[in-house]
Amino acid sequence: MTAPVTGGNPKVNVRPTSMFGTIGHAAEQADACTMVIFGATGDLTKRKLFPALYSLAAEHLLAADFAVLAVGREMTENDQSFREKMRVALGESDEVKHFDDAVWQQLAQRVFYCGCTAGEPAGYDAIQTRLTEIEQSRPEQKRNRFFYLAVPPSVFEPIVRHLADSGLAPRHVDPQARPWARIVVEKPFGHSLETARALNALVLSLFAEHQVYRIDHFLGKETVQNVLVLRFANSIFEPLWNRRWISHVQITAAEAVGVEARGVYYEEAGVVRDMFQNHLMQLLALTAMEPPPSMTADAVRDEKVKVLRSVRWLTPESIPTSAVRAQYSAGAVKENLVASYRDEPDVARDSQTPTYAAARFFIDNWRWKDVPFYMRSGKRLAKRYSEIAIHFQSPPHLMFGGEAGHRALQPNVLVLRVQPNEGVSLNFEVKVPGAAVALTQHLEVAPVDMDFSYTEAFGESSAPAYETLLLDVMIGEMTLFTRSDEVEAAWKIIDPLLNYWEEHPASPMPTYPAGSWGPAEADRLISLDGFRWRIP
């Protein structure tokens with residue numbers, strides 16, 4: 001059953017929005033600026049950043065003086081050759097639905113390349129020279145810049161130091177200062193609580209907090225942004241959003257792909273650092289937070305930090321019954337045979353790195369006391385799927401002979417689909433049409449879904465996450481970016497689990513067949529509380 005959408009044209013293009021208001025006319029608000037991309041020849045730039053920039057250009061959301069300076073180590077690259085490579089990347093992108101060469105040609109004229117070594121001070125002289133050439137037609141107060149670090153975490157430190165020392169990105173105490181300079185940092189932000197604190201200390205010694213945009217692309221997705229709107233703009237949900245009416249919450253981020261060619265990175269990160277510390281903790285915080293006093297960036301982030309600080313810490317005593325790790329074994333994905341994790345390139349044959357994890361957390365506050373939050377994520381699972389599933393309490397009394405038509409009644413579930421097919425569905429029970437024999441004993445009941453899909457309601461052009469996030473950087477909207485105390489609060493939750501698993505190697509490591517929904521150990525984990533995992 002599909003819920004109708006009323007009150008407007010059901011087929012309209014969704015403009016990039018921040019969480020608390022449409023910014024469909026943000027081209028009028030966004031300052032002229034130059035985006036400097038470090039690591040411009042890498043995969044992220046081709047797959048995500050340039051498709052997002054192209055979409056912003058197609059929607060007329062880039063300022064007239066917007067420009068891109070791509071910085072890479074390839075000294076033989078030049079403006080024209082780099083533009084040609086990005087044109088090919090756009091043609092191969094799944095996120096560019098309708099390519100318009102005229103749009104690309106206008107954008108390409110504002111794309112430039114600088115070959116240098118970002119770890120050496122001399123490279124920043126070359127960057128300054130190119131920026132001067134690009135910005136010479138702008139008044140000085142409009143020479144705004146943001147520096148996107150699409151690079152491995154190991155080179156964050158030298159880049160931010162050189163940006164500050166060279167004067168390319170000066171520290172601004174006043175958020176209203178012009179021209180502005182902003183730093184965008186990709187996750188993971190740190191490798192542990194200790195390293196995250198050290199990186200925060202370094203960055204904040206060089207720049208003000210309002211200059212630092214720690215990006216988590218999950219927060220740019222429509223459904224994630226809609227969590228607070230769903231809760232706080234609809235009076236039917238918020239009264240039920242507590243331990244009295246909700247039995248448990250399941251947060252899933254499943255990937256069908258394996259580690260691909262990223263064995264070196266994944267051996268260092270694993271699923272917990274790669275997904276739990278950032279993506280899943282953000283989803284938990286948005287689901288569980290209290291209403292903020294205002295819809296400003298810091299007010300929202302204050303409430304998220306309160307949730308993270310209320311999460312009950314895992315201990316050596318609780319971890320064995322509260323968390324599960326596993327690696328994928330050989331199996332079939334979409335009828336294609338795939339290798340086990342330990343047989344992937346650059347992966348140790350005795351690797352202890354988990355590709356799957358499931359954990360149970362509790363939030364010790366008034367609203368959520370004793371409500372379990374189950375989180376799971378893994379690679380080589382049955383399908384790519386991310387969702388937040390709110391499982392409500394069972395009815396206190398069944399009037400249908402204990403079973404409805406020989407089927408046990410299931411609790412209602414509200415599902416927020418993050419990806420793919422972004423939307424919201426509500427599962428509930430209804431009577432099957434037809435006469436019932438002995439109404440009180442054999443009433444036939446069946447579950448149905450009331451479903452809302454962004455694609456069906458608003459058309460196919462909902463904004464990709466990076467499109468929204470890049471535009472927010474340009475207009476100075478920080479709601480969808482994590483603050484330093486938020487990063488450290490998340491690491492405090494995850495660190496005990498990582499430390500315990502490093503000190504207690506699995507022997508043997510639990511496994512699950514590629515193409516399945518995970519290990520049997522994860523099913524046992526949730527069944528201890530009388531629940532089972534929701535299968536999308």
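FYI, it's all coordinate maths here, none of it is from the lab. Please read all numbers here as calculations on a predicted model, not as lab measurements. We place every Cβ from the backbone using ideal geometry, glycine too, and count neighbours over all the protein chains shown.
So the values come out like this:
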| quantity | calculated |
| --- | --- |
| Student exercise, the chain dipole from Lys, Arg, Asp, Glu Cβ charges, in Debye to nearest 20 | 760 |
| Among beta bridges that DSSP assigns inside the stretch 17-188, antiparallel share in %, nearest 5 | 10 |
| Å³ per residue enclosed by the Cα convex hull of the stretch 271-425 | 204 |
| Label-point separation, D346 to I475 (7 Å along Cα→Cβ), nm | 3.8 |
| Likely footprinting exposure, R73, R532, fewest C-beta neighbours within 10 Å first | R532, R73 |
| Label-point separation in nm, F237 to D79, each point 7 Å along Cα→Cβ | 4.8 |
| R0 of 30 Å, Cβ-Cβ distance A506-L202: FRET efficiency to nearest 0.05 | 0.30 |
| S394/R309 FRET efficiency (R0 25 Å; Cβ-Cβ; nearest 0.05) | 0.20 |
| Neighbour-limited loop hits for trypsin sites (Lys or Arg not before Pro), the stretch 76-106 (at most 12 other Cβ within 10 Å; DSSP other than H, G, I, E, B) | K97 |
| The chain - mean residue ellipticity at 222 nm from DSSP helices (-39,500 (n - 2.57) per run, n ≥ 4, rounded to 500) | -9000 deg cm²/dmol |
| Computed P(r) (all Cα pairs; the stretch 17-188; 5 Å bins; percent) | 1, 8, 17, 21, 22, 17, 10, 4, 0 |
| Partner lysines for K306 [C-alpha distance under 16 Å; skip if fewer than 8 residues away on the same chain] | K369, K492 |
| Derived scalar couplings ³J(HN,Hα) [the stretch 166-173; Karplus, 6.51 cos²θ - 1.76 cosθ + 1.60; whole Hz; x for Gly, Pro] | 7, x, 5, 10, x, 6, 10, 6 |
| Under the Debye formula (equal points on every Cα, no solvent term), log10 I(q)/I(0) of the stretch 174-232 at q = 0.27, 0.28, 0.31 Å⁻¹ | -1.04, -1.07, -1.19 |
